[in-house]
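Scroll down for the structure; my scribbles are underneath it.
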Amino acid sequence: MTPELIINGLTTQANNESELLISIHDWVRDNVEFGFTVDFESVTPNKTVQHKMGHCNAQADLFRYLLVLAGFDARLSFVFINKSILKQAIPREVYFFLPNNLFHAVTQVKVSDEWISTDSYIFTKEQFQLQQNKLIKSGASEGFGIHQKSVFEWDGKTNAFSQADDSLPLYENIFADLTEANASKNNNNKLFGIHFNHLLKPISLSGNQYFKKYINQYLN
């Protein structure tokens, strides 16, 4: 399966623009689990489709790419979200070393001359409901990968968020794609000053499956 084949199929089934937007969103949500891979932010949309898994920025770039293939004007907006949203979603020792604010991608698509922002595609329905139940039981305002106002559905017309929210500056850090965002000086997704991409690359050579099982153990 390639992004091109995905869009060909979805375009054929959609009756109008709104249906197509929602079907692309739902394809990413339903077919790509939220999780971390060794490719991390060096991943391409094609690779994310192959992995059937990706973290927020990988999924955002895939959604953006599929929208562009379908003929929409789409881009990435990056905001800083508090790492507390990932508390109990990733191993404690990894969480400890994360920067306090994470460089998080939101996909923006132009609809009727207005930019609409969303990251509601991040979790599959099953993942979202599982993490939401954990959050409710904990009584926390955020954690397990989501916050209290998180949603996993999108109407193709209004903003909808799983990890970001409307209070964030959605038009401050705009990029054409994930590659361009990775080169930005504002990208602080690093440990000890080293970008996650470089830290994870050696692991991919000798422990891919172990790494995926370890880093994503709290997401299923």
| query | Can you tell which of LEU76, LEU66 is assigned to a helix (DSSP H, G or I) and not aromatic (Phe, Trp, Tyr)? | reply | LEU66
| Pick from the stretch 1-16 the residues that are outside any loop (DSSP other than H, G, I, E, B) and free of Cβ contacts under 8 Å to residues at least 40 places away in the same chain: which of them is nearest to LYS47 (Cα to Cα)? | LEU5
| request: Scan the stretch 97-109 and report the pairs whose first residue is over 24 Å from ALA176 (Cα atoms) and whose second residue is assigned to a strand (DSSP E or B) and modelled with pLDDT under 95, with Cβ atoms within less than 7 Å and a gap of 6+ or a chain change. | output: PHE97/LEU191; PRO99/LYS190
| said: Take the conditions part of a loop (DSSP other than H, G, I, E, B), surrounded by 15 or more Cβ atoms within 10 Å (Cβ to Cβ) and either among the acidic types (Asp, Glu) or in contact (Cβ under 8 Å) with a residue 24 or more places away in the chain (or both) and apply them to GLN131. Does it pass? | reply: no
| field | In the stretch 17-50, the residues that are in a helix (DSSP H, G or I), in contact with a helix residue (DSSP H, G or I) (Cβ under 9 Å, 6 or more places away or on another chain) and among the aliphatic types (A, V, I, L, M) | value | LEU20, LEU21, ILE24, VAL28, VAL49
| query | For ASP61, which of the numbered conditions (1) buried (at least 22 other Cβ atoms within 10 Å of the Cβ); (2) touching a Gly at 6+ places or on another chain (Cβ under 6 Å); (3) in contact (Cβ under 8 Å) with a residue 60 or more places away in the chain; (4) not small (Gly, Ala, Ser) fails to hold? | reply | (2)
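The values are calculated or read from the model by the stated rules, or taken from the named source; none is laboratory data. Note that this is a predicted model, so its numbers are computed, not measured. All Cβ positions, glycine included, derive from the backbone under ideal geometry; neighbour counts span all protein chains shown.
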